[in-house]
Amino acid sequence: MPRFAASLLLVCATALSQTSSFSLKSFHDPAPGITYFYPSEFTPMMPAPPSKEEGATPHCVRTSFSAGSDPAAGNSAFVFSLIDNACPGVLKDAQQLGSFTRTQILRQMKRYGTPVIMHDPVRYTVSGHPAAVTLASAQAADTQAAGTKTKNGDGTTYAAKACMLTGDPNTGRESGPKPVVCFDFTTTRRDLLPRLFAFSAQFDGETLQSLVPGTLLR
């Protein structure tokens, strides 16, 4: 069985174990030439909230699409964003995929409490495009001090940040810096982290592949 087909079967099997009515929706971003697929329980957020990467002004990181789930189903959300040469310094940092995802997820998770890295950056490829993902969590200070739980769990927020290079993966730096697309996923329930594997991406003219490797949580 081709590797991409086996990966897709793993994606579907994991998602099916999480919900009995599994189906996907899609969103096409023409700028990087990518179609994203995501679980149907997510509802698009309009307008999408701006991405806020460290050291970036609003025009440096473009939010392409965002969506959230019903709070009763775990209060999960995701954002797709694009970093291009509008800000060369930010793009240069983003191209260091592993360190960038780690630095940014720690900064982003501060809004939820004290951030902790759950899984150091993992490098992989999506249809030949270099990618990296980091997992982190943060517990709200009030629940941490009191040892209390919220209705959605123990006051902990879990997150994953994955970024990958766009453009032709067969060309080198001599063709210019490649834009970077990032995927941010957050949830208030640890048992919903496997929903990460239901997200996939298809570059124009290329095969469909998971956005995050299915072995990450093993």
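The values are calculated or read from the model by the stated rules, or taken from the named source; none is laboratory data. In this text the structure is predicted, and so the values were computed from the model without any measurement. Heads up, the Cβs are rebuilt from the backbone with ideal geometry, glycines too, and the neighbour counts pull from every protein chain shown. Surface accessibility is based on the protein's heavy atoms, side chains included, excluding ligands, DNA and RNA. Shrake-Rupley method; radii C 1.70, N 1.55, O 1.52, S 1.80 Å.
For region 157-209, the set of residues classified as at negative phi, out of contact with any Ser or Thr (no Cβ under 9 Å at 6 or more places or on another chain) and small (G, A, S) consists of G172, S175, listed by residue number.
Looking only at region 79-118, which residues are open to solvent by 50 Å² or more (accessible area, probe 1.4 Å) and under 14 Å from the mean Cα position of the chain (by Cα)? Across region 79-118, the qualifying residue is only R102. Scanning region 57-75 for residues that are in contact with a helix residue (DSSP H, G or I) (Cβ under 6 Å, 6 or more places away or on another chain) and either under 23 Å from R190 (Cα atoms) or open to solvent by 30 Å² or more (accessible area, probe 1.4 Å) (or both) yields a single hit, G74.
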